[in-house]
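Novice: Take a look at the following structure, please.
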Amino acid sequence: MRKPLIAANWKMYKTSQQAEEFVKAFLPLIANQQRDEIVLCPSATSLSTVIAAVKDSGVAVGAQNMHYAEEGAFTGEISPLMLKAVGVTHVIIGHSERRQYFGETDEMVNQKILSAVKNKLTPIICIGETLEEREADKTKEVLLRQCQIAFKAVVPEDAESFIVAYEPVWAIGTGRTATPEMAGLAHFHIRSQIARLLGRKAADSIRILYGGSVKPDNASALSNQPEIDGALVGGASLDPVSFSKIVDY
Ligand code: PGA
């Protein structure tokens, strides 16, 4: 049985003070929930504050990105060693905004995944097709390419703890969600491809989250799909009440 996981991607929102206020309001709201694993991914400047604020609550903290090198002359970048040192356990890799605005390629995503494994960080690997690709009937092909390159040289046993987030680019921040059936089909395809690439055991262990305009009112229909193991939530994770409703759906 895969434990559902709900992750908050705060993107470039919240100062560290605002992040701390969120955690103070959020923890009491989810104090009694047992079902989900929860990961908060604030911006880099708030990581330490959020890690201190969630101490002993069972909530984990992830970064939104990292460089694959452990150190070096890469001005402005943050390394896996630095993330580990402050207590980060998860890292989002290959979010479509990183691919779209910061030139991240499938090959870079692969290097980052290998580096996360080496440094014992759990990657949350984002994949998904653009609207153009979906309309050209290329969704399956794109998801296959993204998985093939992302998982190059990955050892199947290492992959068992991976988290994949299927985020159709056209559904991110647009209010347009994939229907549960559409998402369920894409998840089924992704899991089948992972089974081909890494074996059945890894494919059955990896949690595949859905992301793209997840809100309290659509979270439960999405989660009822057998292949959907949770959600990666942007906009609706910024407010503690709305995010707690997604956790508690
Ligand atoms: P959204 O973002 O929930 O605001 O659509 C999801 C994401 O980008 O991870």
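Novice: Filter the stretch 230-249 down to residues that are among the small types (G, A, S) and within 15 Å of the ligand (Cβ to nearest atom) and give me whichever is farthest from G173 (Cα to Cα).
Specialist: Per the criteria, the residue is G230.
Novice: Have a look at S79, S46, S16 and point out the one that is touching an Asp or Glu at 6+ places or on another chain (Cβ under 6 Å) and modelled with pLDDT of 95 or more.
Specialist: Working: S46 fails: touching an Asp or Glu at 6+ places or on another chain (Cβ under 6 Å); S16 fails: touching an Asp or Glu at 6+ places or on another chain (Cβ under 6 Å).
Of the residues listed, the single one that is touching an Asp or Glu at 6+ places or on another chain (Cβ under 6 Å) and modelled with pLDDT of 95 or more is S79.
Novice: Restricting attention to the stretch 224-244, does a residue exist that is under 16 Å from the mean Cα position of the chain (by Cα), of a type in the set (F, W, Y) and part of a helix (DSSP H, G or I)? First the steps, then the outcome.
Specialist: Start the filter on the stretch 224-244 by keeping residues that are under 16 Å from the mean Cα position of the chain (by Cα), which leaves 227-238, 243.
Subsequent filtering for residues that are of a type in the set (F, W, Y) retains 243.
From what is left, the residues that are part of a helix (DSSP H, G or I) are 243.
Yes, the stretch 224-244 has at least one match.
Novice: Identify, please: which residue in the stretch 171-192 is within 11 Å of the ligand (Cβ to nearest atom) and among the hydroxyl-bearing types (S, T, Y) and is, among those, farthest from P216 (Cα to Cα)?
Specialist: Checked the stretch 171-192; the qualifying residue farthest from P216 (Cα to Cα) is T174.
Novice: Another question, then. Which residues, taken from the stretch 212-228, are within 28 Å of P156 (Cβ to Cβ) and out of contact with any helix residue (DSSP H, G or I) (no Cβ under 8 Å at 6 or more places or on another chain)?
Specialist: Residue satisfying the conditions is S223 alone.
Novice: For the condition buried (at least 16 other Cβ atoms within 10 Å of the Cβ), without any contact (Cβ under 8 Å) to a residue 40 or more places away in the chain and not in a loop (DSSP other than H, G, I, E, B), what is the one hit in L47, L114, L27?
Specialist: Numbers: L47 fails: without any contact (Cβ under 8 Å) to a residue 40 or more places away in the chain; L114 fails: without any contact (Cβ under 8 Å) to a residue 40 or more places away in the chain.
Checking each option against the conditions leaves just L27.
Novice: Quick one: count up the residues across the stretch 167-203 that are in contact with a Cys (Cβ under 8 Å, 6 or more places away or on another chain) and not in a loop (DSSP other than H, G, I, E, B).
Specialist: Result for the stretch 167-203: 4.
Novice: Scan the stretch 212-229 for residues that are in contact (Cβ under 8 Å) with a residue 24 or more places away in the chain, away from the ligand (no atom under 11 Å from the Cβ) and not hydroxyl-bearing (S, T, Y) and report the count. Explain how you work it out, then say what you get.
Specialist: Within the stretch 212-229, the subset in contact (Cβ under 8 Å) with a residue 24 or more places away in the chain is 212-216, 218-229.
Retained after the next criterion (residues that are away from the ligand (no atom under 11 Å from the Cβ)): 216, 220-229.
If we keep only those that are not hydroxyl-bearing (S, T, Y) as well, we get 216, 221-222, 224-229.
Here the count works out to 9.
Novice: Just checking, does the stretch 2-20 include any residue being closer than 14 Å to G87 by Cβ, of a type in the set (G, A, S), touching a strand residue (DSSP E or B) at 6+ places or on another chain (Cβ under 7 Å) and not in a loop (DSSP other than H, G, I, E, B)?
Specialist: The answer is no, given that none of the residues of the stretch 2-20 is closer than 14 Å to G87 by Cβ, of a type in the set (G, A, S), touching a strand residue (DSSP E or B) at 6+ places or on another chain (Cβ under 7 Å) and not in a loop (DSSP other than H, G, I, E, B).
Novice: Show the residue pairs that are 6+ apart or on different chains and have beta-carbon atoms under 9 Å apart, the first residue being within the stretch 82-102 and modelled with pLDDT of 95 or more, the second being of a type in the set (K, R) and within 13 Å of the ligand (Cβ to nearest atom).
Specialist: I92/R98; H95/K11; E97/K11
Novice: On the given criteria, is L232 in contact (Cβ under 8 Å) with a residue 40 or more places away in the chain, within 18 Å of P4 (Cβ to Cβ) and of a type in the set (A, V, I, L, M)?
Specialist: Working: in contact (Cβ under 8 Å) with a residue 40 or more places away in the chain: yes; within 18 Å of P4 (Cβ to Cβ): yes; of a type in the set (A, V, I, L, M): yes.
Considered against the rule, which asks whether it is in contact (Cβ under 8 Å) with a residue 40 or more places away in the chain, within 18 Å of P4 (Cβ to Cβ) and of a type in the set (A, V, I, L, M), L232 comes out as yes.
Novice: Return only the number of the condition from (1) away from the ligand (no atom under 14 Å from the Cβ); (2) buried (at least 19 other Cβ atoms within 10 Å of the Cβ); (3) of a type outside the set (V, I, T) that P168 does not satisfy.
Specialist: Here P168 meets the rest and fails (1).
Novice: Looking only at the stretch 138-165, filter to residues that are away from the ligand (no atom under 16 Å from the Cβ), in contact with a strand residue (DSSP E or B) (Cβ under 7 Å, 6 or more places away or on another chain) and not polar (S, T, N, Q); which one of those is farthest from R191 (Cα to Cα)? If you could, list the steps in order and put the result at the bottom.
Specialist: Initially, the stretch 138-165 is screened for residues away from the ligand (no atom under 16 Å from the Cβ), giving 138-145, 147-162.
Still in the running and in contact with a strand residue (DSSP E or B) (Cβ under 7 Å, 6 or more places away or on another chain): 143, 147, 150, 161-162.
Narrowing further to those that are not polar (S, T, N, Q): 143, 147, 150, 162.
On the way: L143: 10, C147: 10, A150: 14, F162: 12 Å.
Only one residue tops the list, namely A150.
Novice: Separate question: Kindly establish whether E135 is modelled with pLDDT under 95 and either away from the ligand (no atom under 16 Å from the Cβ) or farther than 27 Å from V88 by Cβ (or both).
Specialist: For E135, the condition - modelled with pLDDT under 95 and either away from the ligand (no atom under 16 Å from the Cβ) or farther than 27 Å from V88 by Cβ (or both) - is met.
The values are calculated or read from the model by the stated rules, or taken from the named source; none is laboratory data. Small disclaimer: the values here were computed from a predicted structure and weren't measured. With ideal geometry, Cβ positions are generated from the backbone for all residues, glycine too; neighbour counts draw on all protein chains shown.
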